[in-house]
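Each remark here refers to the structure printed beneath this line.
The values are calculated or read from the model by the stated rules, or taken from the named source; none is laboratory data. On a predicted model such as this, the values are computed, not experimentally measured, just so you know. Don't worry about glycine lacking a Cβ; one is built from the backbone with ideal geometry, like all the others, and counts go over all protein chains shown. With ligands, DNA and RNA removed, areas are computed over all heavy atoms of the protein, side chains included. Shrake-Rupley method; radii C 1.70, N 1.55, O 1.52, S 1.80 Å.
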Amino acid sequence: NLFVEIQLFNLSRFIYYVSLASIFFGSIGAIIGFLSYTWDVQQSVFNFLIVPISLLSGTFFSVDVINESWKNIFLLNPFYHLISNARKSFEYEQIYDFQLDVLIIILVFTMVCISLYIFKKGYRVID
């Protein structure tokens, strides 16, 4: 008990979504790392694509305070759903959206398959 009392109501759900997020971010990093020729290209992709998407995922603010027209754009962000579902593991009443979970798993599985294909193909995939 540092400052507030934290109650984790569903530890398995928390571990599941944190693991999915770790695998997803790791796969994206591996893909960008292999496909980038130089450090500049790699950092450009991170600075102009990955960082804005991750910062606009509702990590540091609630999506409920955003205008309805912008909220639909935020709901298309896969990072938002990973963060949101990890947060829901701290709530007492939890609502599971099975279709959304299946879409997240398909997205993560696709990213892992792409990164494994690139690892299998080897160094300097693009020549």
Taking the condition of being assigned to a loop (DSSP other than H, G, I, E, B), open to solvent by 50 Å² or more (accessible area, probe 1.4 Å) and either touching a residue at least 24 places away in the same chain (Cβ under 8 Å) or within 20 Å of PHE79 (Cα to Cα) (or both), how many residues in segment 1-20 meet it? 4
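With respect to SER115, determine if the residue is within 30 Å of GLU5 (Cβ to Cβ) and either of a type in the set (Phe, Trp, Tyr) or out of contact with any Lys or Arg (no Cβ under 8 Å at 6 or more places or on another chain) (or both). First the steps, then the outcome.
Numbers: within 30 Å of GLU5 (Cβ to Cβ): no; either of a type in the set (Phe, Trp, Tyr) or out of contact with any Lys or Arg (no Cβ under 8 Å at 6 or more places or on another chain) (or both): yes.
So SER115 does not fit the description; no.
Only one residue in ILE28, ILE23 is under 20 Å from ILE114 (Cβ atoms), open to solvent by less than 30 Å² (accessible area, probe 1.4 Å) and at pLDDT 85 or above, so which one is that?
Working: ILE23 fails: open to solvent by less than 30 Å² (accessible area, probe 1.4 Å).
Being under 20 Å from ILE114 (Cβ atoms), open to solvent by less than 30 Å² (accessible area, probe 1.4 Å) and at pLDDT 85 or above holds for just one of ILE28, ILE23, which is ILE28.
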Considering residues that are of a type in the set (S, T, N, Q) and either under 21 Å from GLY122 (Cβ atoms) or in contact (Cβ under 8 Å) with a residue 12 or more places away in the chain (or both), the number found within segment 30-73 is 6
Residue that is nearest to the chain's Cα centre (by Cα) [pool: residues in segment 111-120 that are surrounded by 12 or more Cβ atoms within 10 Å (Cβ to Cβ) and of a type outside the set (Phe, Trp, Tyr)]: MET111
